[in-house]
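*Asks:* Sharing a structure with you now.
The values are calculated or read from the model by the stated rules, or taken from the named source; none is laboratory data. Since the model is a prediction, treat every value here as computed from it, not as a measurement. With ideal geometry, Cβ positions are generated from the backbone for all residues, glycine too; neighbour counts draw on all protein chains shown. Areas reflect the complete protein model, heavy atoms only, side chains present, ligands, DNA and RNA absent. Shrake-Rupley method; radii C 1.70, N 1.55, O 1.52, S 1.80 Å.
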Amino acid sequence: MMKKIRKILMGFLCLAALASCTDDFDEINTDQNGFLADEVSAKFFLTDTQFKLYSPDRFPYWRAHLIHADRFAGHFTFGHNSSWWADELCYDYNAGYTDATFGWMAGYLGNIKGFTDQVKEGAELENEYMYAMALIIKGLYYQMYTETFGMVQFTEAGQENILTPKYDTQDVVYQGILDDLDEAMAIIGSTERTGIGVDDAGENDIYCGGDLQQWKRLANTLKLRIGMRTIGAPGESFAANAISEALAAPLLDDASGSVVMKKDFVISQWAAAAYGDIWYNFGGGSDWTVSDVLINLLQENNDPRLAVYAKPAKGGSFSFIDNPETPDPNYQERLDFVIAKLDESGAEYTMTTADGETILEVASGQFIGQPVRTNGDTYPYMRYDMYSTPSEKVIQQKGSQVDAYPEIILSSAESYFLQAEAALKGMSGADGDPQALMASGIKEAMKLWGISEGDADIYIASAPLADISVGTLDEKLEKVATQRWLASYTDGFEAWSIVRETGYPSQLAAGVSNQTIYGLGTLNGKYPQRLRYGSGAQDNPNFADVAPIQGEDMQGTTLWFAQ
């Protein structure tokens with residue numbers, strides 16, 4: 001038995017040395033001699049499993065997050081005149097970038113299975129509470145996975161002797177997640193820690209610090225999110241019950257705070273990436289701007305998050321002239337578009353026109369968002385210095401040892417917003433005051449970015465977007481959805497799901513139609529509803545069953561939860 005444990009230890013030490021995520025984790029694994037059986041714990045494998053779901057290496061982080069989710073979410077834009085791409089990138093399907101996203105997401109299941117197999121009943125490192133953690137992480141993963149592609153392998157995935165698992169419909173996947181969450185919460189019960197001594201997950205748990213009751217609140221809030229997301233989908237039969245059960249149990253709140261993952265600025269970008277790894281490694285070609293949809297909503301409501309989400313535009317003198325050697329037949333329409341968008345943002349500028357040249361003098365220090373989905377012909381008109389870029393907090397460079405934005409796992413802000421939505425819709429068990437819940441959600445959302453409670457109170461009292469005490473039900477629900485979308489900044493996968501689920505912000509969900517200005521892409525201007533499967537999916541003979549149930553493997557196929 002001791003020989004077997006020592007073999008496990010050697011494997012553990014090799015993996016831990018390669019995949020350690022924090023300075024403390026490095027220190028824990030420095031001494032490779034003298035470990036005894038009671039010094040071995042599954043907690044040393046937990047960190048690696050956790051961070052790879054929200055901070056994978058740079059290859060997928062760039063492609064899955066920046067090129068797809070963050071831009072479909074409408075938060076970030078490419079397509080300025082120093083970018084490598086027009087902003088129609090990936091609205092016009094790109095197989096390579098899609099394959100990178102699919103490969104990362106489909107492959108992550110191995111991380112979940114590996115950790116689960118170590119801690120499940122009868123395993124060498126058995127720990128029922130870490131097993132409960134594994135079930136909750138699995139739920140977080142599958143929610144993201146199914147909302148990106150639709151039907152995925154769930155019920156047969158990772159099962160022994162099943163080499164080609166079937167693809168399950170979304171209702172089956174969501175129900176499976178809910179079942180796993182209920183099992184995890186039942187295991188945790190009133191227990192507070194995963195064990196004592198080496199069996200206490202502690203700081204190796206980079207989501208909840210080993211606090212099992214926070215894990216339970218995380219699981220229950222995820223349960224509420226799934227219930228609210230799926231309520232009313234065709235044929236669903238579980239959402240109302242999930243919502244009422246979640247509302248009757250502890251949720252993430254102002255006392256517990258949000259579940260976030262602190263960014264690691266020591267570990268290599270090839271183990272865990274951050275936005276700064278892309279921003280600083282490739283020059284202006286890979287830089288991105290912040291969208292006009294986001295900037296305008298923040299600015300119109302005097303939102304104090306504006307200055308922590310984005311940096312003011314550099315501004316300057318911008319010359320526009322139609323080259324007589326290669327004239328643009330749509331020159332004036334495109335120039336008028338640029339000017340109209342400046343007006344829409346409330347920008348201060350002066351314009352002079354003489355001898356066929358228009359000069360825009362845009363004052364520095366203004367927050368101006370860039371229009372989304374502009375095409376390659378409009379690309380030269382989108383001047384980089386005219387638009388706001390992400391704040392330093394977002395694009396923090398590795399090695400600086402300065403706190404940056406946290407990866408959002410699930411926030412207490414969303415918990416309150418979901419409760420406000422449930423109350424507005426009259427869901428069973430939702431007996432709170434919608435406006436009070438909305439206010440609490442806004443405070444928690446702003447707390448994530450260091451905004452004081454006083455500034456949050458001023459916003460709540462004065463911003464039209466914060467007031468759901470008046471208006472029609474649809475108007476109130478739009479404000480709640482928009483607040484959820486604003487709070488999901490840097491959490492592109494969730495923000496994209498919010499737009500598909502609710503239809504808000506409507507400027508994004510409506511898509512685009514003017515092909516002179518915008519890149520209509522593969523969907524002829526419609527808003528993307530999913531990603532296509534990666535090329536490896538077709539290797540499974542069960543893949544042929546997907547299209548007859550879900551629809552064509554296209555970005556425009558509406559997924560079950562959004563129907």
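*Asks:* If I model the stretch 281-418 as equal point scatterers sitting on the Cα atoms and use the Debye formula, what is log10 I(q)/I(0) at q = 0.21 Å⁻¹?
*Replies:* Taken in order of the listed q values, log10 I(q)/I(0) reads -1.35.
*Asks:* Quick one: go through the stretch 307-347 and flag any residue whose amide nitrogen is under 11 Å from the point 7 Å out along the Cα-to-Cβ line of Tyr280.
*Replies:* Hits in the stretch 307-347 for Tyr280 at 11 Å: none.
*Asks:* At a Förster radius of 35 Å, what calculated FRET efficiency corresponds to the Cβ-Cβ distance of Glu300 and Thr326, to the nearest 0.05?
*Replies:* 0.35
*Asks:* Still on this structure: State, as an integer percentage, the relative contact order of the stretch 161-270 based on alpha-carbon contacts under 8 Å between residues 6 or more apart.
*Replies:* Details: 85 pairs, mean separation 24.9, N = 110.
Rounded, it is 23 percent for the stretch 161-270.
*Asks:* So what's the gap between the Cα centers of the stretch 270-310 and the stretch 339-402, to the nearest angstrom?
*Replies:* 13 Å
*Asks:* Still on this structure, I have one more. Can you tell me the relative contact order of the chain? Whole percent, Cα pairs under 8 Å, sequence separation 6 or more.
*Replies:* 21 percent
*Asks:* Sticking with this structure for a sec: Which FRET efficiency value, to the nearest 0.05, do you get for Glu128 and Gln213 by plugging their Cβ-Cβ distance into 1/(1 + (r/R0)^6) with R0 = 22 Å? If you can, show how the numbers build up before the last one.
*Replies:* On the way: r = 16 Å, r/R0 = 0.70.
Efficiency, rounded to the nearest 0.05: 0.90.
*Asks:* In degrees between 0 and 90, to the nearest 10, how far off the longest principal axis of the chain does helix 2-19 point, with axes built from Cα atoms?
*Replies:* With rounding to tens, the tilt is 10 degrees.
*Asks:* Starting from 0.36 nm per residue, how many nanometres of slack lie between Asp38 and Lys425 once their C-alpha separation is accounted for?
*Replies:* Working: separation 387, 0.36 × 387 = 139.32 nm, distance 5.22 nm.
Result for the pair: 134.1 nm of gain on full extension.
*Asks:* Quick one: Cα centre-to-centre distance for the stretch 91-114 and the stretch 459-513, in angstrom?
*Replies:* Cα centres, the stretch 91-114 to the stretch 459-513: 28 Å.
*Asks:* Sticking with this one: On a 0 to 90° scale, report how tilted helix 492-502 is relative to the longest principal axis of the chain, with both axes built from alpha carbons and the result rounded to the nearest 10.
*Replies:* In the chain, helix 492-502 runs at an angle near 70 degrees to the longest axis.
*Asks:* Can you give the accessible area per residue of the stretch 430-563, in Å², using a 1.4 Å probe?
*Replies:* Normalised by residue count, the accessible surface of the stretch 430-563 is 41 Å².
*Asks:* Here's something else I'd like to know. Thinking of the stretch 148-278 as a set of Cα atoms, what percent of all their pairs are more than 24 Å apart?
*Replies:* 49 percent
*Asks:* Lys and Arg at +1, Asp and Glu at -1: add these up for the other residues within a Cβ distance under 13 Å of Trp279 and post the number.
*Replies:* Here the count lands on 0.
*Asks:* For the pair Glu344/Asp182, report the inter-label distance in nm, with labels modelled 7 Å from Cα in the Cβ direction.
*Replies:* 4.6 nm
*Asks:* Under 20 Å Cα-Cα from Lys447, which lysines qualify once same-chain neighbours fewer than 8 residues away are excluded?
*Replies:* Partners found: Lys262, Lys263, Lys311, Lys393, Lys479.
*Asks:* On to the next question. Hey, what number do you get for the chain at 222 nm if only DSSP H runs of n ≥ 4 count, each worth -39500 (n - 2.57), divided across all residues, to the nearest 500? Don't skip to the end; give the middle numbers.
*Replies:* On the way: 19 runs with 235 residues, N = 563.
Result for the chain: -13000 deg cm²/dmol, rounded to the nearest 500.
*Asks:* Same structure, new question: So for Ser317, Ser82, Ser55, what's the accessible-area order with a 1.4 Å probe, most first?
*Replies:* Values: Ser317 75, Ser82 45, Ser55 5 Å².
The residues order as Ser317, Ser82, Ser55, largest area first.
*Asks:* Further question on the same structure: Per residue, how much accessible area does the stretch 60-156 show when a 1.4 Å probe rolls over the protein heavy atoms, in square angstrom?
*Replies:* 27 Å²
*Asks:* Continuing with the same structure: Please report, as a whole percent, how much of the solvent-accessible surface of the chain comes from carbon and sulfur atoms (probe radius 1.4 Å).
*Replies:* Accessible surface attributable to carbon and sulfur in the chain totals 50 percent.
*Asks:* Going by average Cβ neighbours within 10 Å, how do the peptides 298-308, 456-466 rank, with the highest at the top?
*Replies:* 298-308, 456-466
*Asks:* Right, next: Tell me the angle of helix 43-54 to the major Cα principal axis of the chain, expressed in degrees between 0 and 90 and rounded to the nearest ten.
*Replies:* The two axes meet at around 20 degrees.
*Asks:* Right, something else. Defining a contact as two alpha carbons under 8 Å apart and six or more residues distant in sequence, what relative contact order in percent does the stretch 414-457 show?
*Replies:* Once normalised by length, the contact order is 35 percent.
*Asks:* Further question on the same structure: Can you give me the P(r) profile for the stretch 240-342? Cα pairs, bins 10 angstrom wide beginning at 0, each as a whole percent.
*Replies:* 9, 20, 27, 23, 13, 6, 2
*Asks:* At Glu552 and Asp455, where each label point lies 7 Å from the Cα along Cα→Cβ, what is the point-to-point distance in nanometres?
*Replies:* A separation of 4.8 nm, rounded to one decimal place.
*Asks:* Another question about this same structure. What fraction of the DSSP beta bridges in the chain is antiparallel, stated in percent and rounded to the nearest 5?
*Replies:* Details: 22 of 24 bridges.
Antiparallel bridges: around 90 percent, rounded to the nearest 5.
*Asks:* If you take the beta carbon distance between Tyr93 and Phe59 as r and set R0 to 25 Å, what does 1/(1 + (r/R0)^6) give as a FRET efficiency, to the nearest 0.05? Display every interim value, and only then the final one.
*Replies:* Numbers: r = 19 Å, r/R0 = 0.77.
Computed FRET efficiency for Tyr93 and Phe59: 0.85.
*Asks:* Subtract the Cα-Cα distance of Lys113 and Asp336 from 0.36 nm times their separation in residues, and report this length gain in nm to one decimal.
*Replies:* My answer for the length gained is 74.8 nm.
*Asks:* For a quick check of your reading of the filter: which GluC sites (Glu not before Pro) in the stretch 87-135 sit in a DSSP loop and have no more than 16 other Cβ atoms within 10 Å?
*Replies:* Glu121, Glu124, Glu126
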